[in-house]
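Novice: Below you'll find the structure I mean.
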Amino acid sequence: MLSGLIAPSLARQRIHYGWVMVAITFLTMLATAASMGMPGVLLVPLQQGFGWDNGAVSGAMALRLLFYGAIGPFAAALMARYGLKATICTALLMIIGGLLLTTTMTTLWQLYLYWGVLVGMGTGMTAIVLGATVANRWFTAKRGLVLGLLTSAAATGQLAFVPVAAWLAETYGWRSSVLAPIAALCVAFVVMMLFGRDHPGDVDLAPYGETGPARAPAPQPPGGAVHTAFTTLGDAAQHRMFWVLFITFAICGFTTNGLVQTHFIPLCQDYGMTAVAGAGVMALMGMFDFVGAIGSGYLSDRFAPHKLLFWYFVLRGLSLLVLPYSSFSLVGLSAFAVFYGMDWIATVPPTVKLAASGFGREQAPLVFGWIFTGHQVGAALAAYGAGVTHDAMGTYLPAFMTGGVLCLVAAAIALRARPTRVASAAPAAAE
């Protein structure tokens, strides 16, 4: 394979192949996340084109978010059992197929199936759980920085493609808006097929930051991926750390994927802005999210992660609470975009760090998969609830204010997430 030729050459230059895997994973997460940013562009055109109300379309978006989160722990188990490369390439084909089929739909149930189920499951298999798996398998040193880089791809991809998709939708119709993410997904598929590897041992390396010979992957427990995922949940659910992270991450999902990602552009349109202008504000969020996520990874290697979570949620809550006073002009929203963008996905590195410190290298990706499920349960509640609230009250502001209050609640809960090893974790050497 190409990786077998490249890895020794890089090693002679003191470059670990783990950084190649970071680049491949970054591209993959960027491409798959691009399709996650589409709801804000499609929400109004689908209502206008098919006569569906906000709640009906939001329901499909909520279903997508549920599958996006629910598949996480099973994706981690599939990567452990069948390999990262095979799992991710299958997921990329699912997303491409779902997006293409969406352009042919004529009825509401097709939106729920193509977008809600196929795209939801495919993106869930390539979401932040993928980044956590790569970081834990390939890195011991600089793990927080790697998590910051990869989580920035997940959020930046959701936001950076939005202006292009909005322009395509307004210029050529909503069906053309899926072309950009499909092109990116095809490139990611080819790169993963050519250069992706499952473990450092596949290229005769130890994880970055460790010395000594390559080691074989840990043996998998008996049973299939489903059995492994639920066994891990049963073990993790006995510990306070899991529930603290599950609840705070659910509030994180409520205020990001569910609320801002899905309803921010329609919110701006309610105040007279165009979809392209609203998408421009979200792209600005994406730019500063990239900086914020990498910075959070850097800080997670140096400061107590539970204290970082406290401050991230406080700042996010305040930004949502002052949003109604932004005047909803492009200038007024720019400050919100910078402030909120820096905090968009900053919660991920400290959350993954806490999961790894509590549950060990091998279990951490599966445990984080279940924590990520909580993230998407919160996201689904916000996506659907905000749509229904808008139908009933004619405004999104109560939903955004609720998100701000919940962030302050999450900040208080986060202080309970002490980074201590739980009894069921792997031995300390696994770190």
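Novice: Taking the Cα centre as origin and putting +1 on Lys and Arg beta-carbons and -1 on Asp and Glu beta-carbons, what dipole magnitude results for the chain, to the nearest 20 debye? Let's see the in-between values first.
Specialist: Details: 20 positive and 14 negative charges, 199 e Å.
The dipole magnitude comes to about 960 debye.
Novice: Which of rounded, prolate, oblate describes segment 235-300, given a ≥ b ≥ c as roots of the alpha-carbon gyration tensor eigenvalues and a/c under 1.5 marking rounded, otherwise prolate only if a/b is larger than b/c? Can you show the working numbers first?
Specialist: Working: a/c = 5.30, a/b = 1.81, b/c = 2.92.
It comes out oblate by the Cα gyration axes.
Novice: List the lysines whose Cα sits under 23 Å from the Cα of Lys307, skipping any in the same chain fewer than 8 residues away.
Specialist: Those lysines meeting the cut-off are Lys142, Lys353.
Novice: With viscosity set to 1.002 mPa s and temperature to 20 °C, compute the Stokes-Einstein D of the chain, Rh being the Kirkwood radius across alpha carbon pairs; µm²/s, no decimals. Provide the component values of the computation, followed by the final result.
Specialist: Working: Rh = 21.4 Å.
Calculated translational D: 100 µm²/s.
Novice: Also, I was wondering about something else. Projected onto the charge dipole of the chain (+1 at Lys/Arg Cβ, -1 at Asp/Glu Cβ, origin at the Cα centre), which of Asn257, Ser58, Ser9 gives the Cα projection farthest towards the positive end?
Specialist: Ser9
Novice: Before I look further, what does segment 258-365 give for accessible area per residue, probe 1.4 Å, in whole square angstrom? Intermediate results must be reported in sequence, preceding the final value.
Specialist: Details: 3570 Å² over 108 residues.
On a per-residue basis, 33 Å².
Novice: If you count only protein heavy atoms with a 1.4 Å probe, what accessible area per residue comes out for segment 8-52, rounded to a whole Å²?
Specialist: Numbers: 1670 Å² over 45 residues.
On a per-residue basis, segment 8-52 sits at 37 Å².
Novice: Given the rule -39500 (n - 2.57) for each run of at least 4 DSSP H residues, summed and divided by the residues of the chain, what is its mean residue ellipticity at 222 nm, to the nearest 500 deg cm²/dmol? Present the calculation step by step, with values, prior to reporting the outcome.
Specialist: On the way: 19 runs with 309 residues, N = 431.
Taken over the chain, the calculation gives -24000 deg cm²/dmol.
Novice: Carbon and sulfur: what percent of segment 230-359's accessible surface (1.4 Å probe)? Please list the in-between numbers first.
Specialist: Numbers: 3270 of 4420 Å².
The computed percentage sits at 74.
Novice: Report the residues of segment 312-333 in range of a label on Asp270: point 7 Å along Cα→C-beta, backbone N strictly under 20 Å from it.
Specialist: The answer is 317-333, whose backbone nitrogens lie closer than 20 Å to the label point.
Novice: Here's another thing I want to ask about it. Post the alpha-carbon centroid distance, segment 250-313 to segment 232-249, in whole angstrom.
Specialist: Centre-to-centre (Cα) distance: 24 Å.
Novice: Now, a different point. Take the solvent-accessible surface of the protein heavy atoms, probe 1.4 Å, and return the percent of it on segment 1-115 that carbon and sulfur atoms account for.
Specialist: On the way: 2830 of 4120 Å².
With neighbouring chains kept in place, the figure for segment 1-115 is 69 percent.
Novice: Moving on. With every protein chain kept in place and ligands, DNA and RNA left out, what is the accessible area per residue of segment 78-213? Probe 1.4 Å, answer in Å².
Specialist: Working: 4650 Å² over 136 residues.
Result: 34 Å² of accessible area for each residue.
Novice: Still on this structure, I have one more. Of Gly209, Tyr384, Val352, whose Cα points farthest to the positive end of the dipole of the chain (charges on the beta-carbon: +1 Lys, Arg; -1 Asp, Glu; origin at the Cα centre)?
Specialist: Gly209
Novice: Taking amide hydrogens as modeled 1.01 Å from N in the peptide plane, which residues meet the under 5 Å criterion relative to Tyr208, leaving out close sequence neighbours?
Specialist: Answer set, sorted by chain and number: Phe139, Thr140.
Novice: Can you find, among Val226, Leu43, Ala180, the residue sitting farthest towards the positive end of the charge dipole of the chain, where Lys and Arg contribute +1 and Asp and Glu -1 at Cβ?
Specialist: Positive-end residue among those listed: Val226.
Novice: Quick one: what are the phi-derived ³J(HN,Hα) couplings along segment 106-122, Karplus 6.51/-1.76/1.60 with θ = phi - 60°, whole Hz, x for glycine and proline?
Specialist: Values, residue by residue: 10, 10, 5, 5, 5, 4, 5, 6, 6, 7, x, 8, 5, 5, x, 5, x Hz.
The values are calculated or read from the model by the stated rules, or taken from the named source; none is laboratory data. This is a predicted model, so every value here is computed, not measured. Every residue, glycine among them, receives a Cβ derived from its backbone with ideal geometry; neighbour counts consider all protein chains shown. The area values use the complete protein model at the heavy-atom level, side chains included, leaving out ligands, DNA and RNA. Shrake-Rupley method; radii C 1.70, N 1.55, O 1.52, S 1.80 Å.
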